[in-house]
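Participant: Take this structure, written in C-alpha cells, and hold onto it; I'll ask about it next.
A short reminder: the numbers here are calculations on the coordinates, not readings from a lab. Because the structure is a prediction, the values reported are computed rather than measured. Here Cβ is always computed from backbone atoms with ideal geometry, including for glycine, and neighbour counts include all displayed protein chains.
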Amino acid sequence: LHVGAMASVRIDGVFSDPFELECGLKQGSIVAPHLYNIYSGAITMAFHKKLTNEGVPYRVGGEVLNLQQLKAKSKVSNKTLTEFLYADDCQAMAIGHPNIQKMTDIYVTVCTVFGQDVAIKKTEALVVQPKGDVQVPPPVILIHGTPIKAVKEFKYVGRKENDEANMTSETSARCVNM
C-alpha cells in the first residue's frame, strides 16, 4: 500500500505540486496479485449467485460439448460451465443468444456494483457454428445499449479460437512459425 507515498503529475514537461497517495498498490507489489484474486473472486461469486441455468451444460466424466451425452440417464454429475477466467480476461459461454445476453447483463450489473466497467471496445462475441450446412448469424449482444463486435475468430490466452470450434487457425499459425 502507498503509506506516506507522494506523487506528482507531469503535463507538457511541467510537474504538479506533490500530493499524497491514499489508495492503490505499488507496481510490482507482491500483495497486488493476491488482492486482485480476492477482488475478482468476489465479483465472480456475485455473478454466479445471480445466474439460474445459463452456460454450457456438461457431464463430469463425459465429453464437454457432447449434447447427446447430456440426455443419457446414468449416475454421473451434470454441471454448467459459464466462463473461463485468466488474469483480467473472461471468456463467457452459453447456449443461445438469450442466455448469453442475460449473462452479459448480469456481469455488467455486478461489475458496476463493484465499481468496475466492462471495456466495450475490447469485448467480442463469437458464435460456435453447428456442424453441417446451417449457419447461425452472429447475435447482437448489447452492453448499455451498445452492440459488441461479432467475430469469427479471436485470441484468448495466446491461442486462436474460431467459430468452427476446431484448431485449424491455431495449427496453421503455429506451423507458419516453425
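Participant: When DSSP beta bridges are limited to those with both residues in the chain, what percentage is antiparallel, rounded to the nearest 5?
Facilitator: 85 percent
Participant: Count neighbours as other Cβ atoms within 10 Å of each site's Cβ, and list the chymotrypsin sites (Phe, Trp or Tyr not before Pro) in the range 80-178 that are DSSP loop with at most 13 such neighbours.
Facilitator: Here the chymotrypsin sites (Phe, Trp or Tyr not before Pro) that fit, given the DSSP loop and packing criteria, are Phe114.
Participant: Here's a follow-up. Which residue, Ala46, Ala87, Ala125, has the most motion in a Gaussian network model of the chain that connects Cα atoms within less than 10 Å?
Facilitator: Highest fluctuation among the options: Ala87.
Participant: For the chain, take the longest principal axis of its alpha carbons; what is the angle in degrees between that and the long axis of helix 97-113, to the nearest 10 within 0 to 90?
Facilitator: Its long axis makes an angle of about 20 degrees.
Participant: With angles folded into 0 to 90 degrees, how steeply does helix 32-50 sit against the dominant principal axis of the chain? Use alpha carbons for both and round to 10.
Facilitator: 50 degrees
Participant: Further question: Shape verdict for the range 1-60, please, from the Cα gyration tensor: rounded (a/c under 1.5), prolate (a/b greater than b/c) or oblate.
Facilitator: Taking the square roots of the gyration eigenvalues as a ≥ b ≥ c, the range 1-60 is prolate.
Participant: Follow-up. Estimate the FRET efficiency between Asp117 and Thr171 by the formula 1/(1 + (r/R0)^6), using the beta-carbon distance for r and 45 Å for R0, to the nearest 0.05.
Facilitator: 0.80
Participant: Could you tell me which label, among (1) -0.40, -0.58, -0.99, -1.40; (2) -0.58, -0.78, -1.15, -1.44; (3) -0.45, -0.61, -0.91, -1.15, carries the value of log10 I(q)/I(0) by the Debye sum over Cα atoms at q = 0.10, 0.12, 0.16, 0.20 Å⁻¹ calculated for this structure?
Facilitator: Identified label for the calculated read-out: (2).
Participant: Next question, about the same structure. Would you calculate the separation in nanometres between label points at Ala7 and Ala32, each defined as 7 Å from the Cα along the Cα-to-beta-carbon direction?
Facilitator: Going by the 7 Å Cα→Cβ label model, 1.1 nm.
Participant: Per DSSP helix of 4 or more residues, -39500 (n - 2.57); summed, then divided by the residues of the chain. What does that give at 222 nm, rounded to the nearest 500?
Facilitator: Value at 222 nm, helices only, nearest 500: -8500 deg cm²/dmol.
Participant: Please compute the contact order of the chain in relative form: average sequence separation of alpha-carbon pairs under 8 Å and at least six residues apart, divided by the residue count, as a percent.
Facilitator: Worked out over the chain, it gives 12 percent.
Participant: Quote the charge dipole size of the range 78-178 about the Cα centre in Debye, to the nearest 20; the model charges only the Cβ of Lys and Arg (+1) and of Asp and Glu (-1).
Facilitator: 100 debye
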